[in-house]
Amino acid sequence: MDKSVLKKATSDKSEPTQGHVFRDIARMSFADAKTPQKMADWLVDRLKEAKNPHQMLKTLKVIRHVAASGHSDFQKIMQKYSDDLRPFSQYRGRPDPVLDDKLNQQVRDAGKEAPTRDFCSR
């Protein structure tokens, strides 16, 4: 598992993560039998430590993409983390001077989606 790719994809910068990076991360989940667990643990820890809504949103998007396109074990593991993801469905951050509450709403929407059964179904 290449943590530098995960760090870049879940950075706190406002620039969106490029599409090919999502595909690369999903492919990484197939590296070996332990990678889905390591990746899930790392992403959930990253999400818990995130102080910035950009980072939260990016991390939730990576989780969603890997759950949809990565190793099926990742889906099962993320379902076990649903209690850790649920608080993001009620995220209230400071409104952005330009975007107002739009970014915070995107985090809430991604957080609402994350713990559902549909989130991890193919």
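Every read-out reported here was derived from the displayed coordinates using simple, explicitly stated rules and does not represent laboratory data. Quantities reported herein were computed from a predicted structural model and do not represent experimental measurements. Please note: Cβ atoms are built from the backbone with ideal geometry, for glycine as well, and neighbour counts cover all protein chains shown.
When each of the peptides 21-28, 45-52, 104-111 is scored by the mean number of other C-beta atoms lying within 10 Å of its residues, the order from highest to lowest reads 104-111, 21-28, 45-52.
Can you give the net charge of the other residues whose Cβ lies under 12 Å from the Cβ of Pro87, counting K and R as +1 and D and E as -1?
So the surrounding residues net to +3.
Defining a contact as two alpha carbons under 8 Å apart and six or more residues distant in sequence, what relative contact order in percent does the chain show? Walk me through the intermediate numbers first.
Numbers: 164 pairs, mean separation 31.8, N = 122.
Across the chain, relative contact order equals 26 percent.
If you take the square roots of the eigenvalues of the alpha-carbon gyration tensor of the stretch 9-55 and sort them as a ≥ b ≥ c, do you get rounded (a/c under 1.5), prolate (a/b over b/c) or oblate?
Working: a/c = 5.00, a/b = 1.37, b/c = 3.65.
It is oblate, given that a/c is not under 1.5 and a/b is not larger than b/c.
Lys and Arg at +1, Asp and Glu at -1: add these up for the other residues within a Cβ distance under 11 Å of Gln37 and post the number. Mind showing how you got there, number by number?
Working: positive: Lys34, Lys38, Lys76, Lys80; negative: Asp32, Asp41, Asp73.
My count for the surroundings of Gln37 gives +1.
Using the Cα gyration tensor of the stretch 5-122, with a ≥ b ≥ c the square roots of its eigenvalues, what is the shape: rounded (a/c below 1.5), prolate (a/b larger than b/c) or oblate (neither)? Note, shape of the stretch 5-122 comes out prolate. Using the Cβ-Cβ distance between Asp2 and Arg86 with R0 set to 30 Å, the FRET efficiency from 1/(1 + (r/R0)^6) comes to roughly 0.55. Cross-link pairs exceeding 24 Å in C-alpha to C-alpha distance, out of Lys34/Lys112; Lys51/Lys76; Lys3/Lys51; Lys80/Lys102; Lys13/Lys34; Lys34/Lys76, comprise Lys34/Lys112; Lys51/Lys76; Lys80/Lys102; Lys13/Lys34. Taking a ≥ b ≥ c as the square roots of the Cα gyration tensor eigenvalues, the stretch 42-93 comes out prolate, since a/c reaches at least 1.5 and a/b is larger than b/c.
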